[in-house]
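See below for the structure under consideration.
The values are calculated or read from the model by the stated rules, or taken from the named source; none is laboratory data. Worth saying up front: this structure is predicted, and the values here are computed from it rather than measured. Reconstructed Cβ throughout: ideal geometry from the backbone, glycine too, with neighbour counts over all protein chains shown. The area values use the complete protein model at the heavy-atom level, side chains included, leaving out ligands, DNA and RNA. Shrake-Rupley method; radii C 1.70, N 1.55, O 1.52, S 1.80 Å.
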Amino acid sequence: MKTVEPDLVPYDEAVAAYDVVMGIEVHVELSTASKMFCGCSTAFGAEPNTQTCPTCLGLPGSLPVLNQQAVESAIRIGLALGCDVAEWCRFARKNYFYPDMPKNFQTSQYDEPICFDGATTVEVEGREFVIPIERAHMEEDTGKSLHVGGATGRIHGADHSLVDYNRAGIPLIEIVTKPIEGTGALAPQVARAYVAHLRDLLRSLGVSDVRMEQGSLRADLNVSLRRAPEAPFGTRSETKNVNSLRSVERAVRYEISRHAGIIDAGMKVTQETRHWHEDTGITTAGRSKEQAEDYRYFPEPDLVPVAPERAWVEQLKAALPEPPAVRRPRLQAGWGFSDLEMRDVLNVGALDLIEQTVAAGTAPAAARKWWLTELARRANEQGVELDALPVTPAHVATVQSLVDAGELNDKLARQVFEGVLAGEGTPEQVVEKRGLKLVSDDGALTAAVEEALAANPDVVAKVRGGKHQAAGALVGAVMKATKGQADAARVRELLLERIGVDH
Amino acid sequence: MSSITRDEVAHLARLARLQLPEDELEHYAGQLDAILHAVARVTEVAGEDVPPTSHPLPLVNVTRPDETHRSLTAEEALSGAPAAEDSRFRVPRILGEEA
Amino acid sequence: MTDTTTDLVRLSATETAGVIARGEASAADVAKAHLDRIGAVDGAVHAFLHVDAEGALAAAREVDDKRARGEEQGPLAGVPLALKDVMAQRGVPTTCGSKMLEGWRPPYDSTVVTRLRAAGVVILGKTNMDEFAMGSSTEHSAYGATHNPWDLDRIPGGSGGGSAAAVAAYEAPLAIGTDTGGSIRQPAAVTGTVGVKPTYGGVSRYGLVAFSSSLDQAGPCSRTVLDAALLHEAIGGHDPRDSTSIDAPLPPVVAAAREGAQGRLDGVRVGVVRELSGEGYQPGVEQRFHEAVDLLRELGATVTEVSCPHFQYALSAYYLIAPSECSSNLARFDAMRYGLRVGDDGEHSAEEVMALTRAAGFGPEVKRRIMLGTYALSSGYYDAYYGSAQKVRTLISRDFAQAYEQVDVLVSPTTPTTAFPLGSKLEDPIAMYLNDLCTIPSNLAGGAAMSLPCGLSPDDGLPVGLQIMAPAMADDRLYRVGAAVETALADRWGGNLLTQAPELQEKA
């Protein structure tokens, strides 16, 4: 059935007319070595169905055993989000049939999440927004279906499907916010900032790879509109599995315009799941939730309750990394960055990278320069996150130390990075292979200087006559002769010395 | 306790993925109704103050270390599959979408 | 068939192990004798769904080889065993009595099977059962009913009727059963054999195809109490693959059985459960039960009557909890990864194929319970049905706890009646469910319980079972009391009850 949807309302008009309420559910894949309930590897990209066992295949007779590390990660995530940790909680079975779910129930947590009632703060355009956290609970991922026949990879029109259960049973933490209110026109940016904040937080905890492009962090975005903040919540839509920061912002923005269009047309928003289309920038309807699924949750009898000891929880709490809200100002002050510079650093996700580069001995300004210009540009070209580049903080520190020692100039340094990105090895290996060292050997330079002096007697005369700036032409000639691999300052020094003027 | 109707049985069969013919729906409605009436006495006895028991023994915190074991080979994993293709389970076209 | 092979199949497991250890017969001879016996009588009994002659002989030869090399072997090395078809055994068909799993060969071993192999036990094959262990007669098997060796027109109990009948028909001295609401004890009672439901968590459930996870428990079936204890010890103990497995040493069941066989029960406090008698109990069953209670007194035990007022709700709670869990446990049988697939014609969708397969692959009792459980868990009914049933479970556990403050073990008849005729209760699910009236409380509370023969009912000449119940992790008490009763009765009868069973016609 195809329904005609009213036109979108321009975003500014929509947020002027309506109050936006959001709810965000983020699924995070934990970076444990083994799955949630069995010892199969979680490594990404293995051959199909080679990381399965009776348990994660749901074979008759198999049983789950909980991964201790997953519990610890769940608690640490909850603590970092200011949550309480349950004294005692159980897993529950969420019953529904789907071919990529081996048991036809998902082992999850229902009314007894391990972590609950937290809050975290994000900053957008200088304003702070408190994001209230409802819960963080443990669950497992499903397998992956490949739809064959019809349009490539699409479910509709497919002839049959092929299922790989390698991802089935990968540990997931679902982090659910309470309704996020009062964001006004900044709603899309707040949503983005929150997901970015979670990503940074999870990374600092070391609990997940947080690779949005690989789906290890994905967001479900609930959006609803109402006439005024006092009015009851409007009907929400839930846009599923949004997997980039940019898409989070765009999808919320789109849904606000779409909802406004529907309400303005005097129609009712349908409670449904929506799919986000990165290419066209729109959402389309998924399954209607009017007839609510009946998941028949009940306590999982095959797993015993989890009752984290208080002393252990306190220990985990004490060992949490410094919260971003404390760490950022500390780093900013230490590095002497302006607010604007710091914002750029955060926007490209370079905070940890710069911190590590500085720790490796590079001056903060130099570290920022490389990550925010040359490397950010490369990441952008390749469409990956900055930290997904093969260049590491240690590489940047090495390159900068060569620049500091006068062995590289900025132009050559960029070529070194190009080599590292092209897989030619470490910076040292690229310098070696490409022969990128500056010519600093005075003997070789002297020959080039002599040649330049002999070829340009008129310029030499000008310099002797006091026009020191005319030496530039001679420097240029030497640089050309050495193919740029000379230190221009040293060339100038040698030229002036030879001509016999003070410098 | 309310009695269970044919339509309710049809709903249950749908939830439980059982394609039952009409006459069976009637048949099961009668039987399920009788069973539910017989077991409904559980609602009479336990008060608010009685905690439910989900696990017969009071065990807690049973976990395993985060270590990998040997997985099945793809061949073993697929050994019982009604159909397989390219080392994957081949299933008929999927209409719905995941929850 | 020679007299020797006839003798070999009549031995207890303990005796069989002795014969093999002393070299009086090889394990291979013992296995062959049992395979012959199966060939001769199983056409009539139909205890087995699959006989793995090749696997059994290979396992037996391994025991013989080890003996030849002088290697130390366990007390059950070379003893044949029949495995309920609900236990996964690598490479061997495992159907759970269902069309749904016809031809499925698990790529892994259950922990029970792993431990049986380690003990040198020879697995003869897989035994018949009610589909997915739901039933009390084996008539709900998709492969036809098993017949009671005492009277081939009667049920052998269920769901583990195949295991009990195999033991009663001398097709195997030992069998593995599983007990969710009485599926080991009720078949033991009606076939005149011994069956034990260990403490929940005492024997690993890994590889036991789940019916109701919080109730299921695997345990031994045998012809003597000591044999049951030896098998219990071989399969029991902590298993890290089962989160609900108890991480503590197994109670000393074998020692307790040996102690009990000495005869006296002085100082043992026995409670008779008032609520497990009266209306609905066959007079002959009650008579034999009361005689057994008198015997306990004669053996020195102190007998008192105790009340467990909430046991009257146990059956109702069970028929909500077990179907609820089963509706979820059996969801995995969906035609996608293993087992039956119906309707995959290129037209039907995955969803349709699931529903068609499940309708074709499950029998009526399984469908009933799946729908019952789906109902009990569905929104709007959860609190009234599943929630209330779980509260009743708490009340029943409290009843047990209070009773065990006064007594060491509780006793009752195992079943209200003796074996009923095949077909007589098939169309009346509630009448069928009443078979488990006495056995269900122990499943709900997680305690241990045993059934052992206490005579033939004077009204129909069929076996009656005495149920002994003990608190969780006090399984040894069952064996001590059970062995004492067994010894006293054997003295009285001049052998165990099965010696009074009619001879089965052997097919040439």
- request: Assess whether C:Ala431 counts as being touching a Lys or Arg at 6+ places or on another chain (Cβ under 7 Å), open to solvent by 10 Å² or more (accessible area, probe 1.4 Å) and either at pLDDT below 95 or within 14 Å of chain B (Cβ to nearest Cβ) (or both).
  value: yes
- request: Would you mind finding the one in A:Asp164, A:Asp100 that is within 26 Å of C:Met354 (Cβ to Cβ), touching a residue at least 24 places away in the same chain (Cβ under 8 Å), surrounded by fewer than 22 Cβ atoms within 10 Å (Cβ to Cβ) and not hydroxyl-bearing (Ser, Thr, Tyr)?
  value: A:Asp100
message: I need the full set of residues from region A:459-503 which are of a type in the set (Lys, Arg) and within 19 Å of A:Asp410 (Cβ to Cβ), in order please.
response: A:Lys480, A:Lys483, A:Arg490, A:Arg492
task: Would you list the strands (runs of 3 or more DSSP E) that sit entirely within region A:38-147 and hold 3 or more residues that are within 14 Å of chain B (Cβ to nearest Cβ)?
output: A:92-95, A:105-108, A:127-140
message: Cβ-Cβ under 8 Å, sequence separation 6+ or interchain: first residue in region C:394-407 and within 14 Å of C:Ala470 (Cβ to Cβ), partner surrounded by fewer than 22 Cβ atoms within 10 Å (Cβ to Cβ) and among the basic types (Lys, Arg). Which pairs?
response: C:Gln406/C:Arg269; C:Val407/C:Arg269
message: Could you list, ordered by first residue, the pairs with Cβ atoms under 6 Å in which the first is in region C:418-445 and without any contact (Cβ under 8 Å) to a residue 24 or more places away in the chain and the second is open to solvent by 10 Å² or more (accessible area, probe 1.4 Å), at least 6 apart or interchain?
response: C:Ile430/B:Ala38; C:Ala431/C:Lys425
query: Just to be sure, is C:Pro323 more than 7 Å from every other protein chain (Cβ to nearest Cβ), within 26 Å of the chain's Cα centre (by Cα) and part of a loop (DSSP other than H, G, I, E, B)?
result: no
query: Of all residues in region A:82-97, how many are in contact (Cβ under 8 Å) with a residue 60 or more places away in the chain, more than 14 Å from A:Ser108 (Cβ to Cβ) and surrounded by fewer than 22 Cβ atoms within 10 Å (Cβ to Cβ)?
result: 2
- request: Determine, yes or no, whether A:Ala307 is under 30 Å from B:Val62 (Cα atoms), small (Gly, Ala, Ser) and within 14 Å of chain C (Cβ to nearest Cβ).
  value: yes
query: When you look at A:Val420, is it surrounded by 17 or more Cβ atoms within 10 Å (Cβ to Cβ) and β-branched (Val, Ile, Thr), yes or no?
result: yes
query: Of all residues in region C:145-157, which are outside any loop (DSSP other than H, G, I, E, B) and surrounded by fewer than 24 Cβ atoms within 10 Å (Cβ to Cβ)?
result: C:Asp151, C:Arg154
- request: Could you pull out the residue among A:Ser108, A:Ser41 that is under 18 Å from A:Asp164 (Cα atoms) and surrounded by fewer than 22 Cβ atoms within 10 Å (Cβ to Cβ)?
  value: A:Ser41
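For (1) closer than 24 Å to C:Ser324 by Cβ; (2) modelled with pLDDT of 95 or more; (3) more than 7 Å from every other protein chain (Cβ to nearest Cβ), each residue gets a yes or a no:
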| site | (1), (2), (3) |
| --- | --- |
| C:Ala350 | no, yes, no |
| C:Thr374 | yes, yes, no |
| C:Tyr386 | yes, yes, no |
| C:Tyr404 | no, yes, yes |
| C:Pro416 | no, yes, yes |
statement: Filter region B:46-57 for residues that are open to solvent by 60 Å² or more (accessible area, probe 1.4 Å) and modelled with pLDDT of 95 or more; the one that is nearest to the other protein chains (Cβ to nearest Cβ) is B:Pro52
Condition broken by C:Asp344, with the remaining ones in (1) open to solvent by less than 10 Å² (accessible area, probe 1.4 Å); (2) among the charged types (D, E, K, R); (3) at the interface with another protein chain (Cβ under 7 Å from one of its Cβ atoms) satisfied: (1)
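The rows are residues; the columns are (1) open to solvent by 50 Å² or more (accessible area, probe 1.4 Å); (2) not in a loop (DSSP other than H, G, I, E, B).
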residue	(1), (2)
A:Glu230	yes, no
A:Val248	no, yes
A:Ala251	no, yes
A:Ile256	no, yes
A:His259	no, yes
A:Ile263	no, yes
A:Thr280	yes, no
A:Gly286	no, yes
A:Asp294	no, no
message: Given the criteria surrounded by fewer than 14 Cβ atoms within 10 Å (Cβ to Cβ), more than 30 Å from A:Ala70 (Cα to Cα), among the hydrophobic types (A, V, I, L, M, F, W, C) and within 7 Å of chain C (Cβ to nearest Cβ), does B:Leu18 qualify?
response: no
- request: Restrict the check to region C:393-400 and report whether at least one residue is within 21 Å of C:Met450 (Cα to Cα), crowded, with 20+ Cβ neighbours inside 10 Å, more than 11 Å from chain B (Cβ to nearest Cβ) and among the acidic types (Asp, Glu).
  value: yes
Residues that are among the charged types (D, E, K, R), farther than 22 Å from C:Lys32 by Cα and touching a residue at least 24 places away in the same chain (Cβ under 8 Å), drawn from region C:80-110: C:Lys99, C:Glu102, C:Asp109
statement: Of those in region B:30-45 that are more than 7 Å from chain C (Cβ to nearest Cβ) and either part of a helix (DSSP H, G or I) or not aliphatic (A, V, I, L, M) (or both), the residue surrounded by the fewest Cβ atoms within 10 Å (Cβ to Cβ) is B:Glu44
- prompt: Is it true that some residue in region C:302-309 is within 14 Å of chain B (Cβ to nearest Cβ), over 25 Å from the mean Cα position of the chain (by Cα) and modelled with pLDDT of 95 or more?
  reply: yes
query: Does C:Leu498 satisfy the condition of being within 30 Å of B:Gln31 (Cα to Cα) and either touching a residue at least 60 places away in the same chain (Cβ under 8 Å) or in a strand (DSSP E or B) (or both)?
result: no
- prompt: Yes or no: A:Glu374 within 28 Å of the chain's Cα centre (by Cα), away from chain C (no Cβ under 14 Å) and at pLDDT below 95?
  reply: yes
message: Take the conditions among the β-branched types (Val, Ile, Thr), over 30 Å from C:Glu102 (Cα atoms) and either part of a helix (DSSP H, G or I) or touching a Gly at 6+ places or on another chain (Cβ under 6 Å) (or both) and apply them to B:Thr68. Does it pass?
response: yes
task: Among the residues of region C:406-423, count how many are closer than 23 Å to C:Leu295 by Cα and outside any loop (DSSP other than H, G, I, E, B).
output: 6
- prompt: Residues of region C:77-109 being under 19 Å from the mean Cα position of the chain (by Cα) and either within 27 Å of C:Asp65 (Cβ to Cβ) or of a type in the set (Asp, Glu) (or both), which ones?
  reply: C:Val79, C:Pro80, C:Leu81, C:Ala82, C:Leu83, C:Asp85, C:Met87, C:Ala88, C:Gln89
field: Test for B:Ser79: is it within 26 Å of C:Asp216 (Cβ to Cβ), facing chain C (nearest Cβ under 9 Å) and open to solvent by 40 Å² or more (accessible area, probe 1.4 Å)
entry: yes
